[in-house]
Each structure stands twice: as structure tokens, then as C-alpha cells.
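To start, the structure under review is shown below, and the notes come after it.
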Amino acid sequence: MNEIFKQQVWEITKLVPKGRVTSYGAIAKAVGFPNHSRHVGKAMGGCPKDVPAHRVISSSGTLSVPEFQQRLEAEGIEVENFRIKNFKKLFWNPLTEL
């Protein structure tokens, strides 16, 4: 995975509004690599502090990183059994919202 890809992933992630979530797959599509959601996940692993990685979750609405629950709840997002409540309503799609 190259640095340019990581930078693109981080830049898109910085645009996810507070109180909304997106998926690894949606970000992969937005940077032009539709089948690379796992690479997006890897890029998030070492992201800078100003990248809101907690807002990027699996396409099923499930948290990949349980520790992110507190950060999401602090933004008003309800999480139950590691799943986002109202996931479809809170979903931010970079392809349609940018």
C-alpha cells in the first residue's frame, strides 16, 4: 500500500462530519479502488491523530474497533452490541455528499 493511497484515504476520512459514519468500502470507492476496503482499514491503522478513524466502520454497521464506541457516543451516535443504531440514516457516502 503506497503513501499516496494512505493520504487520499486520510483526506476523505477528515471530511466525514461529526455525528455521521461511513464504511471502509465507501472510502475505497471514493479514492478509486472499489475492492480495496481492507487496504483502507490498514491505512486507518496508522493514521494521524487528526483523522477521525472512529467514524469509519464496516458496511454492516458494526464497529471494527470496539474502543471507538466511546468516541462515537461522545458525538451523539448510539451504539448497541457494537452496531451503529440508525446506521443507514447516519451513513455518509463520499460519492454523493462531496
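The values are calculated or read from the model by the stated rules, or taken from the named source; none is laboratory data. Computed from a prediction, not measured in an experiment: that's the story for all the values here. Neighbour counts are summed over all protein chains in view; Cβ atoms, including those assigned to glycine, are modelled from backbone coordinates with ideal geometry. Ligands, DNA and RNA are excluded from the accessible area calculation, which covers all protein heavy atoms including side chains. Shrake-Rupley method; radii C 1.70, N 1.55, O 1.52, S 1.80 Å.
Cβ contacts < 8 Å: first residue closer than 12 Å to Ala26 by Cα, restricted to the stretch 78-98; second residue among the β-branched types (Val, Ile, Thr) and in a strand (DSSP E or B), any location; separation 6+ or different chain. Result? Here the result reads Phe91/Val21; Phe91/Thr22; Trp92/Val21; Trp92/Thr22; Asn93/Thr22; Pro94/Thr22, each pair linking the stretch 78-98 to a residue that is among the β-branched types (Val, Ile, Thr) and in a strand (DSSP E or B).
Only a single item in (1) over 26 Å from Glu78 (Cα atoms); (2) open to solvent by less than 20 Å² (accessible area, probe 1.4 Å); (3) in a loop (DSSP other than H, G, I, E, B); (4) not acidic (Asp, Glu) is not met by Pro34, and it is number (2). Mind listing whichever residues of the stretch 1-31 are of a type in the set (A, V, I, L, M, F, W, C), open to solvent by 10 Å² or more (accessible area, probe 1.4 Å) and free of Cβ contacts under 8 Å to residues at least 24 places away in the same chain? Residue satisfying the conditions is Ile4 alone. Among the conditions (1) touching a strand residue (DSSP E or B) at 6+ places or on another chain (Cβ under 7 Å); (2) surrounded by 20 or more Cβ atoms within 10 Å (Cβ to Cβ), the only one that Pro94 does not satisfy is (2). Within the stretch 50-98, being outside any loop (DSSP other than H, G, I, E, B), of a type in the set (A, V, I, L, M, F, W, C), touching a helix residue (DSSP H, G or I) at 6+ places or on another chain (Cβ under 9 Å) and under 23 Å from Pro34 (Cβ atoms) holds for Ala53, Val56, Ile57, Ile84, Phe91, Leu95. Note on the stretch 37-49: residues that are surrounded by fewer than 16 Cβ atoms within 10 Å (Cβ to Cβ) and either part of a strand (DSSP E or B) or not basic (Lys, Arg) (or both) amount to 3. In the stretch 80-91, which residues are more than 29 Å from Ile4 (Cβ to Cβ) and surrounded by 13 or more Cβ atoms within 10 Å (Cβ to Cβ)? Residues satisfying the conditions are Phe82, Arg83, Ile84, Phe87, Leu90. Taking Met1, is it among the aliphatic types (A, V, I, L, M), outside any strand (DSSP E or B) and over 12 Å from the mean Cα position of the chain (by Cα)? Yes.
Checking the structure you have, find out if any residue of the stretch 61-79 is open to solvent by 70 Å² or more (accessible area, probe 1.4 Å) and of a type in the set (Gly, Ala, Ser). Among the residues of the stretch 61-79, at least one is open to solvent by 70 Å² or more (accessible area, probe 1.4 Å) and of a type in the set (Gly, Ala, Ser), which makes the answer yes.
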